[in-house]
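Note sheet for the following structure.
The values are calculated or read from the model by the stated rules, or taken from the named source; none is laboratory data. Owing to the predicted nature of the structure, the values given are computational and were not obtained by experimental measurement. Reconstructed Cβ throughout: ideal geometry from the backbone, glycine too, with neighbour counts over all protein chains shown. Note: accessible area is taken over every heavy atom of the protein model, side chains too, but ligands, DNA and RNA are not part of it. Shrake-Rupley method; radii C 1.70, N 1.55, O 1.52, S 1.80 Å.
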Amino acid sequence: MKAAYLKSYGRKDSMQYGELPEPLVKPGTLLVKIKAVSVNPVDWKIKKGLLKIIKGSRFPMVIGSDFAGIVEDVGPGVEGFKKGSNVYGAISAFSKKQGALSEFALVDLKYVRKMPGFLSFTQAASLPVAALTALNGLRRTHVTKGTRVLINGATGGVGHFGVQMAKAKGAHVTATCSSANFALAKDLGADEVYSYKGDKLIPEGTQFDAILDAWGMMAYKEIYRLLKKKGIYASPLYMPWTVFAAIYVRLRYGRKMTSSNMRARPEDYKELESLIESGKLSPLIESTFPLEQAAEAFDKAQYGHPKGKVVIEV
Ligand SMILES: NC(=O)c1ccc[n+]([C@@H]2O[C@H](COP(=O)([O-])OP(=O)(O)OC[C@H]3O[C@@H](n4cnc5c(N)ncnc54)[C@H](OP(=O)(O)O)[C@@H]3O)[C@@H](O)[C@H]2O)c1
């Protein structure tokens, strides 16, 4: 089968396109004919070698989490799926199993969901990691009707979902992004838009009940400046050691810091799908690339300041 795979970490030409053996279905898995894969920062971080300690160094390595495709074969013991069903999901980027950037991928049942008919393969592949992270972040920050929420990094993968979801919950949404994306942030539903650097910063004295930091690396002094006392801040880059900072920030400043890491329970997918079906949420696909140009898609996602998501079509 054709695949885009890493032959090493880090180097400019580390991602190659070529032939690899097709995986064979195993108990508890589905063999999926892949139709689309979206690129998340975790994918280009793996390509750079930043997760080497978890992923190891066995090459060729097929990476790629978010996928959509068609069931080609069903492993022994699997119920509820049949050949020909459309499915989507996210293969854990933190496992050593083969990822999705290939014509066929072996996917554990726990990572697969039936794909609703109102989604295209490209749309479905754009969703899991970024949209479920935004959903969890808004849940963890208790965003609801009337909450004044700041979405930092509002037009990227996580952020563009976050703005739309917060709006759908009835929150008052302030967005930060680069000035080139002000109009887009407004189109996504933001009530107010500011830059994250340069001109038009959030005015002094403005404070929020909740911050979903989709970019993930807001400085502690900014969190303190922008978050109301008893407010909650969530980041998708919350590391185990951040817990010590969180305890300090809570005791010293009365602000809560938490994680918005992706949560992918069936009820999370259900909530996501119903937002899309009702027209309140729509994935923004910045660009699509064919599998043979996966390396270009990765460059676009890493360096191209994408609006929404970059998707590779197979
Ligand atoms: N833990 C998890 O489960 C999880 C899941 C998903 C994502 N993540 C992490 O979350 C982060 C964001 O993911 P993503 O998919 O949204 O990435 P992305 O699509 O690359 O978007 C990043 C966004 O951050 C903005 N940005 C850049 N510099 C900024 C700054 N100094 N201040 C504020 N915003 C800034 C960018 O705006 P411009 O393009 O306009 O510069 C862009 O909108 C990544 O680090 C990713 O690894 C973690």
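What's the number of the condition Glu192 fails, among (1) within 14 Å of the ligand (Cβ to nearest atom); (2) more than 20 Å from Thr133 (Cβ to Cβ); (3) surrounded by 14 or more Cβ atoms within 10 Å (Cβ to Cβ)?
(1)
Tally up the residues in the stretch 142-178 that are of a type in the set (S, T, N, Q), free of Cβ contacts under 8 Å to residues at least 60 places away in the same chain and within 10 Å of the ligand (Cβ to nearest atom), please.
Result for the stretch 142-178: 1.
Lys229 is checked against (1) surrounded by fewer than 17 Cβ atoms within 10 Å (Cβ to Cβ); (2) modelled with pLDDT of 95 or more; (3) more than 16 Å from the ligand (Cβ to nearest atom); (4) outside any helix (DSSP H, G or I) and fails just one. What number does that condition carry?
All conditions pass for Lys229, except number (2).
Return the only residue of Asp187, Asp213, Asp199, Asp299 being acidic (Asp, Glu), farther than 30 Å from Gly49 by Cα and modelled with pLDDT of 95 or more.
The conditions single out Asp187.
Restricting to the stretch 232-251, give me the number of residues that are part of a loop (DSSP other than H, G, I, E, B) and either open to solvent by 50 Å² or more (accessible area, probe 1.4 Å) or among the aliphatic types (A, V, I, L, M) (or both).
4
Among the residues of the stretch 65-77, what is the count of those that are modelled with pLDDT of 95 or more and open to solvent by 10 Å² or more (accessible area, probe 1.4 Å)?
5
Would you check if there is a residue in the stretch 150-167 being farther than 24 Å from Val129 by Cβ and either touching a Gly at 6+ places or on another chain (Cβ under 8 Å) or modelled with pLDDT under 95 (or both)?
Checking the stretch 150-167: not a single residue is farther than 24 Å from Val129 by Cβ and either touching a Gly at 6+ places or on another chain (Cβ under 8 Å) or modelled with pLDDT under 95 (or both).
Phe208 passes all but one of (1) open to solvent by less than 50 Å² (accessible area, probe 1.4 Å); (2) away from the ligand (no atom under 16 Å from the Cβ); (3) aromatic (Phe, Trp, Tyr); which number fails?
Single failed check for Phe208: (2).
Identify, please: which residue in the stretch 42-66 is under 14 Å from Ala90 (Cα atoms) and in a helix (DSSP H, G or I) and is, among those, nearest to the ligand (Cβ to nearest atom)?
Val42
What residue, among those in the stretch 289-311 that are outside any helix (DSSP H, G or I) and within 15 Å of the ligand (Cβ to nearest atom), is most open to solvent (accessible area, probe 1.4 Å)?
The residue in question is His305.
Could you list, in sequence order, the residues of the stretch 119-142 that are part of a loop (DSSP other than H, G, I, E, B), closer than 25 Å to Ser195 by Cα and open to solvent by 10 Å² or more (accessible area, probe 1.4 Å)?
Passing the criteria: only His142.
Counting only residues that are assigned to a strand (DSSP E or B), of a type in the set (A, V, I, L, M, F, W, C) and touching a Pro at 6+ places or on another chain (Cβ under 9 Å), how many does the stretch 73-103 have?
1
So, in the stretch 277-288, exactly how many residues are more than 18 Å from Trp44 (Cβ to Cβ) and assigned to a strand (DSSP E or B)?
So the answer is 0.
Would you confirm, using the coordinates I've provided, whether Leu237 is within 15 Å of the ligand (Cβ to nearest atom) and in contact with a His (Cβ under 8 Å, 6 or more places away or on another chain)?
No; evaluated as a whole, the condition is false for this residue.
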